[in-house]
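Please read the structure below before turning to the comments.
Here, each number is a calculation from the coordinates, and none is a lab measurement. This one's a predicted model, so the numbers in the text were calculated from it and none came from an experiment. Glycine gets a Cβ as well: all are built from the backbone with ideal geometry, and neighbour counts include every protein chain shown.
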Amino acid sequence: MDGSAPMNAPAVQHVGIVRDDRYMEHKTGLVHPEHPNRLKAIYRMLDQEFPFGLMRIPAEPATMDQLELVHTPAYIEMVLKTADQTFTHLAPDTPASDKSYLAAWLAVGGCIQALDYLMAGRCRSAFALVRPPGHHALPDRAAGFCIFNNLAITARQALKAYGLKRILIVDWDIHHGNGVQQIFYDEREVFYFSSHYVPTFPQTGGWEEVGRGPGLGYTVNVPLMKNQGDEDVLHCYREILGPIFELYRPELVLVAAGFDAHERDPMSRTSMTERGFGWLTRLVLSLADGIGGVPVLLALEGGYDMAGLVGSTREVLQSLLMPFSPPPLPEPDTGPGAELVEMAQRVHRPYGIWVHD
């Protein structure tokens, strides 16, 4: 699983994919929801349904310097020490086995490898199908099944290695990415947009959390309401992300692609389906194309219903592989979606970043 050649035929739309069997070495126990079978099922689907068109991107461990772009040396050492124990816990909800450190280093490294492929123009978009997930991880501790903050490190690496000035992180996992938010809360170089259900873990991400200091207005949180579905969420994303892309003009888009907002997911309170995640992917690609075709990198986060996880991943990949002139997206106009948009505009109008009178 570590070759650098394309998986089979040349990529139709130059879609990169990160996959590696070593991610399964992160063992979490018999009943933990974030288990190796999640990726096994996705990889099986890839082999059966996407034998062509996906460019293999090799996963290599991140370097210590890259990890330290976000995490403290003491915490990184704590993660390394889990190699000495068959099974332990980095946090009450985040177990680790003796090879979890390797999977965690590879999760970050796979995302950075995908970044390098994108910045070199070797692929138009990429999906890092990695584990453990990352968006809850804090600089000095694990949380919410996450060990290292995969996309936060990738964003910092993009700022450092490629001299980027504006990066947008879009997070559609049902849980708020408190780790990503905290890391970039005072910065304008990384704009964080998240939709999530606040009453679930980690109970952060309220409307009033908008950034601080130089980063004031560069964090947009959209707390979803119970049972909101595909059309509500697409309406919300279209009306909020559209102006953000147009006015902030990101040079790179990172997507925290969790699928636990799916209606069948045991952690969900919303009613999204596979179709909705395909719509969101197409919207992000369309908006990225509208400002010059900036690179788009997705990284797997949550998703704990196996059928929903695999089906949603399939829809995202099909959307990534669509021709440059795909059929138009629907333009739903729903009452719940309009309420979310109105509230977001009201909160953010004073900052004048993406909302103007």
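Descriptive notes on the structure:
- Rounded, prolate or oblate (a/c below 1.5 giving rounded, otherwise prolate when a/b exceeds b/c) for segment 307-349 by Cα gyration tensor: prolate
- Rg and Dmax over the alpha-carbon atoms of segment 181-239 stand at 12.3, 35 Å.
- Spin-label pair D333/H32, simplified geometry with 7 Å Cα→Cβ offset, distance in nm: 4.8 nm
- Computed from point charges on the beta carbon alone (+1 for Lys and Arg, -1 for Asp and Glu), the dipole magnitude for the chain about its Cα centre is near 500 Debye.
- If you bin all the Cα-Cα distances of segment 64-105 at 5 Å, starting from zero, the percentages per bin are 6, 24, 33, 24, 12, 3.
- Exposed loop sites here mean chymotrypsin sites (Phe, Trp or Tyr not before Pro) with a DSSP loop assignment and at most 16 other beta-carbon atoms within 10 Å; the chain contains its longest site-free run at 53-206.
- Top positive-direction residue, dipole computed over segment 15-351 with Cβ charges, set G121, T204, Q66: G121
- Anisotropy class of segment 23-71 from Cα gyration tensor, a/c 1.5 cut: oblate
- For the chain: rounded, prolate or oblate by the Cα gyration tensor [a/c cutoff 1.5]: rounded
- Bins of 5 Å from zero: percent of alpha-carbon pairs in segment 176-335: 2, 9, 17, 22, 23, 16, 9, 2, 0
- Applying 0.36 nm per residue to the separation of R44 and Q318 and subtracting their alpha-carbon distance, the gain on full extension is 97.1 nm.
- Gyration tensor over alpha-carbon atoms, segment 21-123, equivalent ellipsoid semi-axes in Å: 26, 21, 9
- Derived value for segment 129-262: Kirkwood hydrodynamic radius 14.9 Å. Basis is the mean of 1/r over every pair of different alpha-carbon atoms.
- In this label model, D98 and R122 are separated by 3.4 nm, measuring between points 7 Å along each Cα→Cβ vector.
- Measuring r between the beta carbons of I291 and K160 and using R0 = 30 Å, the FRET efficiency lands at 0.85.
- Within segment 68-135, trypsin sites (Lys or Arg not before Pro) in DSSP loop having at most 16 other beta-carbon neighbours inside 10 Å: K99, R122
- In this Cβ point-charge picture (+1 for Lys and Arg, -1 for Asp and Glu), segment 291-357 has a dipole of about 200 debye about its Cα centre.
- About the Cα centre, charge dipole magnitude for segment 22-68 (Lys/Arg +1, Asp/Glu -1 at Cβ), debye: 280 debye
- Residue (of L102, V255, T270) at the positive-pole extreme of the chain, dipole from beta-carbon charges: L102
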